[in-house]
1. Given the conditions (1) touching a residue at least 40 places away in the same chain (Cβ under 8 Å); (2) surrounded by fewer than 14 Cβ atoms within 10 Å (Cβ to Cβ), which single one is not true for A:ARG72?
2. Cβ-Cβ below 8 Å, separation at least six or inter-chain, first residue in region A:38-60 and touching a residue at least 60 places away in the same chain (Cβ under 8 Å) and within 14 Å of another protein chain (Cβ to nearest Cβ), second in a loop (DSSP other than H, G, I, E, B) and surrounded by 20 or more Cβ atoms within 10 Å (Cβ to Cβ): which pairs?
3. Of everything in region A:1-19, what is more than 18 Å from A:LEU115 (Cβ to Cβ) and either among the hydroxyl-bearing types (Ser, Thr, Tyr) or crowded, with 16+ Cβ neighbours inside 10 Å (or both)? Give them in sequence order.
4. Taking region A:20-36 on its own, how many of its residues are crowded, with 18+ Cβ neighbours inside 10 Å and part of a helix (DSSP H, G or I)?
5. Looking at A:LEU64, A:LEU105, A:LEU49, A:LEU42, which one is more than 13 Å from the chain's Cα centre (by Cα) and surrounded by 18 or more Cβ atoms within 10 Å (Cβ to Cβ)?
6. For the list (1) of a type in the set (Ser, Thr, Tyr); (2) closer than 21 Å to B:ALA201 by Cβ; (3) without any contact (Cβ under 8 Å) to a residue 24 or more places away in the chain, I need the number of the one condition that B:SER84 fails.
Amino acid sequence: MKKRLLIVEDEKNLCLLYREELTKAGYKVTAVMDADTALEQLKKHSFDLIITDIRMPGKNGIELITQIMALRKDIPIIINTAYQSYKHDFMTWAADAYVVKSASLDELKDKIKELVG
Amino acid sequence: MIERYNLFLHEFSQEASKELQLFSIIAQSFFQPFSLMDNLLVIMTALTAGPGLGFNRAMLFLTEGDCLKGEFWLGPASAEEADSVWRVLSTPGIGYPEIIEHNRSLLTREADTLTKRVKKLSYPLYKEPSLIPTLTASARQMILVRDARNEPGVDKRFAEMIGTDEFLCIPLVSQKEGLGEIILDNAITRLPITGRDIELASICGLMAGNYIYTAKLQKRIVDMKKVAAMGEMAMFVTHQLRNPLVTIGGFADQLLDPQTGEKKKKRNIQIIRSEIRRLEKILLRLSQFLRIDVREKIAVDVQEMLNLVLEQIRPRISGRRIAIDMEIEAGLRVILCDPTNAGEAVRNVLDNAIDAVGDEGRIDVRAYRESAEWAVIAVQDTGKGIPEAIKDKIFDSFVSTKEKGMGLGLAYVKRVVDACGGRIEIKSAEGKGTTFKLYFQTQPRERGTNP
């Protein structure tokens, strides 16, 4: 049974890249471009892992994490961002991993494997 | 009943002592927006201004690393020169400003042999035995030399150069460090240096030391700010470049994968190309910001400039219910600015207004005279307003409320308006809207053209 990933990434091309690459890596991927759509998806479907950007139009990733916690869904979360500095943000402790975006997706793939197998 | 006095006194009463005037000149010089060296020149001038007060000549050394380096030497080079200079200086109407101007011109003159001589000097500070002049700086004590030629504590070459037996060395110090040294003498008049002279010189030395210390601290703060700004900038650029780079890298990897089909490869190349264009755009905006080059201010037709800006901005509001109104006061025709940059600055403000308004609202652009000298271009919107938390920071580079904003727009606006000699005022209420007022100088209103 394929593991289900929910990816929140507001950049169209990156969203496409993650969807393709993680599908290729053997996951069932839902990729959305903003936090509200992500929350809708979470209410409708069950996921094994959430990967979210932080800086996005509308609700940002930190707000999304807060709301996911309020939903009491016990789903591991990976923060995937261009910003190193958010690591010191109070709310990022709630995430299970913090990955700084890199041209190689290896670290992200490793973390996913670590968290959901 | 109150009486008001200017803190910066220019004229003194008859009873005011020479000492009081001297201290006043020196204290005021610290408020002059000139360079450190220029203000030190004022202090040194005050110490040597004429035969009636103070000393004939004054020499300045400043500490540079482990060395005491000669900076300049003020005073007449000979008795004849002293005679003519002092005669001019005692003419009624000649005050300190004129004397300072005279000395300033001396420093830049080729033939100024005194300064030329002292400029060559450099003494290591921590070499034993410590001789005069370095002894004063290292011991942080005033030293009065009475018989330089026969005094073994005086550096022989220095004694030869100064050419007089009696001189006074005053250290320039801060709380922590030695900053330099002033050496005073009466080589022309041969008047003995008195106890009163020493008392006077000690206060001047303390004031000068304090001033140098403050100036150095200020420079250090400016340097630190520059470094901090550069760090911020480097961080920002890193982030801006990361997303496109990740995209390019990821899709390039797919190209290398033999399983990727031709159609997908073509798509990937197109994505890569568009991301590279984006990178280029980011670099272009950054470099535009970094080298704002405000050319000479010229009289620019406000109507023409604003029309052009509005024309550029129209496409952005098509399809939205945003009304933009423009009103230019009939009496206002021109403002003084660099038309390209000022127009671009107004466009940036309008861009922000449109972002703030969203899908529906109104924006008023008004241009009017505030006074005879100042004109205002005001942009008022009914948008969401500036969040209280960032009100103080909106002109800083790289601060943005937009998730993908670069935070360069308003920083650019401020730099341009500053460079044009104007200023900016903002009124904003969260949820109600924002008004930006850009002040530009205008040509004075001509009589009779008033409608």
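The values are calculated or read from the model by the stated rules, or taken from the named source; none is laboratory data. Given the structure is predicted, the values throughout are model-derived calculations rather than measurements. Counting neighbours? That spans all protein chains shown, and the Cβs are built from the backbone with ideal geometry, glycine included.
1. Status for A:ARG72: all satisfied but (1).
2. Between residues of region A:38-60 that are touching a residue at least 60 places away in the same chain (Cβ under 8 Å) and within 14 Å of another protein chain (Cβ to nearest Cβ) and residues that are in a loop (DSSP other than H, G, I, E, B) and surrounded by 20 or more Cβ atoms within 10 Å (Cβ to Cβ), the close pairs are A:ILE51/A:GLU9.
3. A:ASP10, A:GLU11, A:ASN13, A:LEU14, A:CYS15, A:LEU16, A:LEU17, A:ARG19
4. Residues meeting the conditions: 4.
5. A:LEU105
6. The one condition B:SER84 does not meet is (2).
Yes/no matrix, rows are residues, columns are (1) in contact with a Phe, Trp or Tyr (Cβ under 8 Å, 6 or more places away or on another chain); (2) among the hydroxyl-bearing types (Ser, Thr, Tyr); (3) farther than 29 Å from B:ASP355 by Cβ:
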{"residue": "A:ARG19", "(1), (2), (3)": "no, no, yes"}
{"residue": "A:LYS24", "(1), (2), (3)": "no, no, yes"}
{"residue": "A:THR30", "(1), (2), (3)": "yes, yes, yes"}
{"residue": "A:LEU39", "(1), (2), (3)": "no, no, no"}
{"residue": "A:LYS43", "(1), (2), (3)": "no, no, yes"}
{"residue": "A:SER46", "(1), (2), (3)": "no, yes, yes"}
{"residue": "A:PHE90", "(1), (2), (3)": "no, no, no"}
{"residue": "A:ALA97", "(1), (2), (3)": "no, no, yes"}
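The rows are residues; the columns are (1) at pLDDT 80 or above; (2) over 21 Å from B:VAL85 (Cα atoms).
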| position | (1), (2) |
| --- | --- |
| B:MET1 | yes, yes |
| B:ARG4 | yes, yes |
| B:GLN21 | no, no |
| B:SER29 | no, yes |
